[in-house]
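Here is the structure we will look at.
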C-alpha cells in the first residue's frame, strides 16, 4: 500500500492551513461515537475546513468541509491487535524541496 503511494502529495496546502487555523474554543460536540468536549479549529484556504479535536479518545472527533464530513463512529479500550506479523520499518522519504 505505501509503495503504491510513491511520491503522492498527502494534501496540497494542508501545512499552510494548519499553520493559520483559528482556535474557536472548546465545544461540546455529539457524533455517532458519543458526546465530547473538543477543541474547534477553522482553517481557510482553497477548501475551508472545520475540525474538532478531543483529548479523549485522542484525536479527531469530526471534520467538516464543503465536500463532505467525517465523524468518529466508535472507540473503545482494551483492544487487541489483529496484526499477527512482526511490523517492519518503513523509510519515509524527505519532503520535496520548495514546499
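Read the figures in this text as sums done on the coordinates, not as results from a lab. What you see is a predicted model, and the numbers here were worked out from it, not measured in a lab. With ideal geometry, Cβ positions are generated from the backbone for all residues, glycine too; neighbour counts draw on all protein chains shown.
Give me the residue from segment 28-77 that is closer than 16 Å to residue 18 by Cβ and loosely packed, with under 15 Cβ neighbours inside 10 Å and, out of that set, nearest to the chain's Cα centre (by Cα). Let's see the steps before the verdict.
Here is the first cut: in segment 28-77, the ones closer than 16 Å to residue 18 by Cβ are 39-53, 59-60, 63-65.
Cutting the leftovers down to loosely packed, with under 15 Cβ neighbours inside 10 Å gives us 44-48, 59-60, 65.
Details: 44: 16, 45: 17, 46: 18, 47: 15, 48: 15, 59: 7, 60: 6, 65: 13 Å.
Here the answer is 60.
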Taking segment 68-99 on its own, how many of its residues are under 21 Å from residue 52 (Cα atoms), part of a loop (DSSP other than H, G, I, E, B) and in contact (Cβ under 8 Å) with a residue 24 or more places away in the chain? 4
